[in-house]
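Dumping the structure here so I can ask a few things about it.
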Amino acid sequence: CALPISMDMAVKWKQDLDSKVFLGSTGKTIPCVLLVNKIDLVNGNLHKTKEEMDAFCREHKFCGWFETSAKDDKNVGPAFSALVDHVLLATSELPNNGVDKPQGNVPAPAKGRNQRKEEKKCC
């Protein structure tokens, strides 16, 4: 959840990331989305308001944030989709320096392939 220690660690991690990883030779930092994980443990009750989280993300240059629960599979897919969208937008704006961008086609996964299988419980 959005505890102060977790928020401080997110800022340190983001600063480290921003100092080491860039989009091509532009010097621009890569997009980053903040995940407030284990939301299932706090029954959806964040320690910060939506407005506080939005302000935190603006201040520390996160693209946005999502409440997530890997256990309950809550917002994990949408969070990664949002990150991919931001990366694609940021990289589409990069100069190609005379190099053609690769062309290709990635087929959609087979129907039902990414659906979670129900776990069998023992005993």
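Do any residues in the range 9-28 that are more than 19 Å from GLU59 (Cα to Cα) and open to solvent by less than 50 Å² (accessible area, probe 1.4 Å) have Cβ atoms under 7 Å from those of residues that are part of a helix (DSSP H, G or I) and modelled with pLDDT under 90, where the two are at least six apart or on different chains, and which pairs are they?
LEU23/ALA90; LEU23/THR91
Determine whether the range 64-80 contains at least one residue that is in a helix (DSSP H, G or I) and of a type in the set (D, E, K, R).
no
In the range 71-82, is there at least one residue being in contact with a Cys (Cβ under 6 Å, 6 or more places away or on another chain), farther than 30 Å from PRO95 by Cβ and surrounded by fewer than 16 Cβ atoms within 10 Å (Cβ to Cβ)?
No.
Modelled with pLDDT of 70 or more and open to solvent by 80 Å² or more (accessible area, probe 1.4 Å): is that true of ARG58 in this structure?
yes
The values are calculated or read from the model by the stated rules, or taken from the named source; none is laboratory data. As the structure is a prediction and not an experimental result, all values here were calculated from the model. Ideal geometry is used to build each Cβ from the backbone, glycine not excepted, and the neighbour counts take in all protein chains shown. What goes into the accessible areas is simple: the full protein's heavy atoms, side chains included, and nothing from ligands, DNA or RNA. Shrake-Rupley method; radii C 1.70, N 1.55, O 1.52, S 1.80 Å.
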